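The values are calculated or read from the model by the stated rules, or taken from the named source; none is laboratory data. Predicted model, so just to flag it, every value in this text is computed and none were measured. Here the Cβ positions follow ideal geometry from the backbone for every residue, glycine too, while neighbour counts run over all protein chains shown. In case anyone asks, the SASA skips ligands and DNA or RNA and just uses the protein heavy atoms, side chains included. Shrake-Rupley method; radii C 1.70, N 1.55, O 1.52, S 1.80 Å.
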Amino acid sequence: MSCKILDLHGNWLLRNKNNTIQVAATLPGDTFSALISAGKMADPYWADQEMAAQWAGREDWIYEREFTVDAEFLQSGDVSLYAESLDTIATIRINGQYHATSRNAFVAHRFPVRNLLHEGLNRIEIEFASPERAAKEEAARLAYPIPYTEFPVQSPHRNLIRKAQCHGGWDWGPCLMVSGATGRLELVAETTASIDYVYTTQHHTDSRVEVTVICELTSHTSSDGNLEIILDGQTFQIPVQFRPGPVTVQHTVVISQPKLWWPNGFGSQTLYPLTVRLSNSEVHKKVGLRTIRVVNEEDAHGLSLVFEVNGVPVFCKGANWIPTDALPQRQTREVMEDLLSSAVAAHMNMIRVWGGGQYESDAFYEMCDEKGLMIWHDFMFSCALYPASPAFLADVRAEVIHQVKRLRNHACIALWCGNNESVGALSWFEPSRKNRDRYVIDYDRLNEGVLGDEVRRLDPERVFWPSSPCGGPGDFSDCWHTDNRGDMHFWAVWHEGKPFETYLEIKPRFCSEFGYQSFPSLDTIRTYAPEEEWNVTAPIMEHHQRNPGGNTRITENFGRYFRIPDGFENFVYLSQVQQGIAIKMAVEHWRRLRPVCMGALYWQLNDLWPVCSWSSLEYGGKWKLLHHMARRFFDPLLVSIHQDKAGAVEIWATSDRLQPVEATVHVRVISLTGEVLKDERFSQTLAAGSATLLRAHTVQELAPQPSGAFLYVETFVEDRVLRNEHFFTTFKAMPLPKAKVAHHVREDLHRISVSLQTDLPALWVTLNADGIPGEFDDNCFTLISGEPRILHFTPKHGTSVDLAQFKEKLRVRHLRETYR
């Protein structure tokens with residue numbers, strides 16, 4: 001038995017179908033990236049050049065190249081073309097002969113091509129039909145309309161073809177209808193059989209785990225042979241009778257005294273290497289031993305949603321994930337690594353792969369396994385209705401079968417979810433409101449008849465969650481407004497313009513979407529807007545704001561909480577402070593509600609182009625101030641403050657730890673002149689997995705003049721100091737002092753240290769080294785007079801920073817400086 005691979009990655013020629021444009025291109029890659037590299041298209045991320053790039057999504061494009069095949073390769077067995085992802089309507093020709101067509105970017109194909117090849121030079125062409133035209137043609141064939149959510153810049157009817165839905169525009173993303181090939185693209189010659197999928201099941205007992213390794217093969221011949229399985233240092237030779245067609249081989253391996261896989265913050269992420277070998281064809285996997293139980297039960301508070309990992313209830317902390325870039329060729333492993341590492345640094349233990357994006361590369365899931373990031377995984381349907389024709393359902397069925405078999409072995413996959421907001425979409429559009437039965441039947445045929453059935457068949461160990469949001473299997477409550485059933489999307493604060501305090505009125509069982517926007521930093525704004533456009537209502541600023549009314553909403557809320565800032569730089573800074581305060585208020589409150597609430601995933605973690613959005617990580621990976629706050633409000637140990645409308649003030653401790661923790665809590669009320677008005681210090685045992693009320697007061701007890709003081713809490717635990725603050729009234733009502741914050745910069749090993757001190761209390765002190773990639777170990781905090789702080793700056797990607805340049809670029813800002 002043997003396996004030979006001819007890799008087709010590398011240099012190709014890209015041309016449009018009428019041959020007016022020819023450019024060099026690379027695969028894996030996409031049409032827009034090739035045109036940009038060749039100078040045929042300006043970068044669509046700059047200014048409003050996206051609009052001038054729309055023509056490329058309306059063209060048919062052909063990738064072509066030559067390759068050489070020797071006699072030995074042709075004689076070595078069955079030869080197939082393996083294409084992991086063709087985006088989207090692709091026709092393949094080899095040596096001028098039509099071979100096959102693909103219509104789904106989310107399905108891998110193995111096309112037999114032996115009879116089309118000859119010894120020596122061969123030519124392959126992959127023609128991609130215009131995805132925009134293909135979607136319109138599908139719409140013209142419909143017997144009745146299939147509605148979708150419309151966006152300011154969009155490609156219509158994207159819901160009718162199986163590609164990343166956000167390629168056609170979203171309320172945070174551009175409309176760039178790319179075509180191309182990502183993932184593996186290769187010719188494979190195999191004598192006996194190919195290894196299609198390898199995955200495992202687990203049976204846990206007190207001191208051992210039975211791991212059943214399942215291998216799905218495609219046999220090309222009739223013969224006898226062996227399949228080798230290596231797991232936990234044990235090697236097994238499994239006899240196999242090969243017959244043409246599919247062959248499934250499985251073997252159970254017992255692992256004694258297993259080391260379990262845990263989410264980030266709960267333990268180690270032990271992964272057992274697994275190798276499956278068929279002659280010189282090998283597949284390598286890593287197996288994380290763990291149990292995940294989704295508790296979705298009626299109780300005194302409604303219908304629960306709790307993830308129990310290895311028997312431990314986990315409060316899920318994290319954010320929603322979208323593709324790392326609108327241009328697939330820019331979606332690199334390094335970018336993913338940076339974003340996921342930032343999630344871990346902020347104590348996240350779950351991310352939600354959102355249904356308007358894509359199934360990610362193998363590297364993404366491997367990194368989530370390694371970093372302890374559980375994944376709530378949507379299937380790729382979002383904010384729209386979808387066809388239920390036999391052809392469409394068959395295409396989706398193939399997609400689900402492939403993706404579930406590809407991904408189910410990963411320890412990080414915690415739940416499969418049918419879609420994002422498609423249940424709600426049934427009531428969004430006039431056609432579905434007028435003929436609801438028709439569209440509900442279509443929805444059910446797709447969601448339960450295909451997605452749900454295949455998940456229950458292929459991966460019965462995991463829950464199929466019908467939609468996000470919903471109450472759970474069989475429950476389709478209005479989980480935008482009903483807060484006691486399953487997972488909730490709570491958007492009243494942003495989309496309805498309600499005050500931040502509205503978060504305090506909500507008691508979700510699990511909030512899987514909520515968010516508030518901010519502008520990216522000036523570092524990022526410089527990458528898409530010339531300085532003459534640095535104004536919130538300037539055309540380019542509005543072009544890079546895709547949510548209608550978004551910039552107005554940010555500005556209006558300034559008036560609710562803050563004094564209006566002077567100048568664009570202060571506007572940008574204050575937008576990020578405001579965003580952080582909004583999400584902080586929600587998360588801290590919901591963590592105080594545990595075990596009633598057991599999850600908070602904000603929208604969204606990352607951006608796929610430079611834009612004003614809900615993200616906490618800017619395009620390029622720079623941390624917004626929200627992400628720095630998230631590192632504090634997602635800390636496994638949190639002391640937070642709640643003030644209700646009646647003026648009651650409560651101090652709470654929340655612990656995600658598996659064991660009790662001893663803490664010392666120092667509570668002070670400090671005036672705006674720095675005077676300590678009240679001072680209390682006490683010790684407290686923080687119970688494992690708990691939320692505990694520590695102290696209860698009233699505003700009048702603590703601060704008879706609420707606008708002139710604030711509450712400052714330090715918690716000393718495990719050789720760390722955790723800090724938090726609470727303001728009794730709005731910032732605009734507080735006569736903030738003109739604090740003078742002094743700083744001193746010095747080199748400290750491979751990083752830079754900045755010491756800070758202030759003469760008067762300074763709120764939301766923020767440091768930024770303009771144009772220098774890297775992050776401080778804390779940012780956007782309250783600085784107390786007489787209590788210096790030392791921060792450390794770590795450059796990104798291990799680069800060195802010139803100290804003199806850093807001093808020149810460093811800017812320290814606080815709230816009082818934003819207005820006259």
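Summary of computed values
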{"read-out": "Set Val649, Val596, Val577: member being under 27 Å from Leu415 (Cα atoms) and aliphatic (A, V, I, L, M)", "value": "Val596"}
{"read-out": "From Gly449, Gly424, Gly418, residue being more than 15 Å from the chain's Cα centre (by Cα) and modelled with pLDDT under 95", "value": "Gly424"}
{"read-out": "All positions within the stretch 356-379 that are surrounded by 24 or more Cβ atoms within 10 Å (Cβ to Cβ) and under 18 Å from Ala425 (Cβ atoms)", "value": "Gly356, Asp378, Phe379"}
{"read-out": "Among (1) open to solvent by less than 10 Å² (accessible area, probe 1.4 Å); (2) outside any loop (DSSP other than H, G, I, E, B); (3) within 22 Å of Lys622 (Cβ to Cβ) - the single one Thr324 does not satisfy", "value": "(2)"}
{"read-out": "Residue satisfying all of: in the stretch 793-820; farther than 12 Å from Ala769 by Cα and touching a strand residue (DSSP E or B) at 6+ places or on another chain (Cβ under 6 Å); surrounded by the fewest Cβ atoms within 10 Å (Cβ to Cβ) among these", "value": "Lys796"}
{"read-out": "Any hit, the stretch 698-719, residues being assigned to a strand (DSSP E or B), of a type in the set (Val, Ile, Thr), in contact with a helix residue (DSSP H, G or I) (Cβ under 8 Å, 6 or more places away or on another chain) and crowded, with 17+ Cβ neighbours inside 10 Å", "value": "no"}
{"read-out": "In the stretch 589-625, the residues that are basic (Lys, Arg) and either open to solvent by 10 Å² or more (accessible area, probe 1.4 Å) or in a loop (DSSP other than H, G, I, E, B) (or both)", "value": "Arg592, Arg594, Lys622, Lys624"}
{"read-out": "Test: residue in the stretch 48-63 that is within 32 Å of the chain's Cα centre (by Cα), over 18 Å from Glu132 (Cα atoms), open to solvent by less than 50 Å² (accessible area, probe 1.4 Å) and not aromatic (Phe, Trp, Tyr)", "value": "no"}
{"read-out": "Of the criteria (1) open to solvent by 10 Å² or more (accessible area, probe 1.4 Å); (2) within 19 Å of Asp43 (Cα to Cα); (3) touching a residue at least 24 places away in the same chain (Cβ under 8 Å), which one Arg563 fails", "value": "(2)"}
{"read-out": "Cβ pairs under 6 Å, 6+ apart, first in the stretch 414-425 and closer than 18 Å to Val294 by Cβ, second open to solvent by 10 Å² or more (accessible area, probe 1.4 Å) and in a loop (DSSP other than H, G, I, E, B)", "value": "Leu415/Val463; Trp416/Arg462"}
{"read-out": "Among residues of the stretch 765-785, those that are surrounded by 15 or more Cβ atoms within 10 Å (Cβ to Cβ) and either β-branched (Val, Ile, Thr) or out of contact with any strand residue (DSSP E or B) (no Cβ under 7 Å at 6 or more places or on another chain) (or both), counted", "value": "5"}
{"read-out": "Enumeration of residues in the stretch 70-89 that are open to solvent by less than 10 Å² (accessible area, probe 1.4 Å) and under 15 Å from Pro112 (Cβ atoms)", "value": "Val79, Ser80, Leu81, Ala83"}
{"read-out": "Residue match in the stretch 178-185 (condition: closer than 30 Å to Leu446 by Cβ and not in a strand (DSSP E or B))", "value": "yes"}
{"read-out": "Listing of helices (runs of 4 or more DSSP H) fully contained in the stretch 363-473 that carry 3 or more residues being small (Gly, Ala, Ser)", "value": "390-407, 422-425"}
{"read-out": "Number of positions in the stretch 448-471 that are open to solvent by less than 40 Å² (accessible area, probe 1.4 Å) and either free of Cβ contacts under 8 Å to residues at least 40 places away in the same chain or among the hydroxyl-bearing types (Ser, Thr, Tyr) (or both)", "value": "3"}
{"read-out": "Evaluation of Ile238 against (1) at pLDDT 90 or above; (2) of a type in the set (A, V, I, L, M, F, W, C); (3) buried (at least 19 other Cβ atoms within 10 Å of the Cβ); (4) over 16 Å from Glu461 (Cα atoms) (one fails), failing number", "value": "(3)"}
{"read-out": "Residues located in the stretch 50-92, provided they are closer than 20 Å to Ile21 by Cα, out of contact with any Pro (no Cβ under 8 Å at 6 or more places or on another chain) and not hydrophobic (A, V, I, L, M, F, W, C)", "value": "Gln54, Arg58, Glu59, Asp60, Tyr63, Glu64, Arg65, Glu66, Thr91"}
{"read-out": "Selection within the stretch 2-28 - at positive phi and either in contact (Cβ under 8 Å) with a residue 24 or more places away in the chain or among the small types (Gly, Ala, Ser) (or both)", "value": "Gly10"}
{"read-out": "Selection from the stretch 626-664 of residues that are open to solvent by 10 Å² or more (accessible area, probe 1.4 Å) and in a helix (DSSP H, G or I)", "value": "Arg631, Arg632"}
{"read-out": "Any hit, the stretch 298-321, residues being part of a helix (DSSP H, G or I) and surrounded by 17 or more Cβ atoms within 10 Å (Cβ to Cβ)", "value": "no"}
{"read-out": "Selected residue (only one of Thr692, Thr685 is in a strand (DSSP E or B), under 29 Å from Arg591 (Cα atoms), polar (S, T, N, Q) and open to solvent by 50 Å² or more (accessible area, probe 1.4 Å))", "value": "Thr685"}
{"read-out": "Matching residues in the stretch 87-112 - criterion: being at pLDDT 95 or above, of a type in the set (A, V, I, L, M) and within 34 Å of the chain's Cα centre (by Cα)", "value": "Ile89, Ala90, Ile92, Ala105, Val107, Ala108"}
{"read-out": "Where Lys498 falls short, out of the listed (1) open to solvent by 30 Å² or more (accessible area, probe 1.4 Å); (2) in a loop (DSSP other than H, G, I, E, B); (3) of a type in the set (Lys, Arg); (4) in contact (Cβ under 8 Å) with a residue 40 or more places away in the chain", "value": "(4)"}
{"read-out": "Selection status of Trp480, touching a strand residue (DSSP E or B) at 6+ places or on another chain (Cβ under 6 Å) and open to solvent by 30 Å² or more (accessible area, probe 1.4 Å)", "value": "yes"}
{"read-out": "All positions within the stretch 184-206 that are open to solvent by 30 Å² or more (accessible area, probe 1.4 Å) and under 30 Å from Gln604 (Cβ atoms)", "value": "Arg184"}
{"read-out": "Test result for Gly372, at pLDDT 95 or above and on the phi > 0 side of the Ramachandran plot", "value": "yes"}
{"read-out": "Residue list for the stretch 730-745, filter: buried (at least 17 other Cβ atoms within 10 Å of the Cβ) and not in a strand (DSSP E or B)", "value": "Phe731, Met734, Leu736, Pro737, Ala739"}
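The rows are residues; the columns are (1) in contact with a helix residue (DSSP H, G or I) (Cβ under 6 Å, 6 or more places away or on another chain); (2) under 24 Å from Ser342 (Cβ atoms); (3) assigned to a helix (DSSP H, G or I); (4) modelled with pLDDT under 95.
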site: Val754; (1), (2), (3), (4): no, yes, no, no
site: Leu763; (1), (2), (3), (4): yes, no, no, no
site: Asp778; (1), (2), (3), (4): no, yes, no, no
site: Gly786; (1), (2), (3), (4): no, no, no, yes
site: Leu791; (1), (2), (3), (4): no, yes, no, no
site: Thr794; (1), (2), (3), (4): no, yes, no, yes
site: Val801; (1), (2), (3), (4): no, yes, no, yes
site: Arg816; (1), (2), (3), (4): no, no, yes, no
site: Arg820; (1), (2), (3), (4): no, no, no, yes
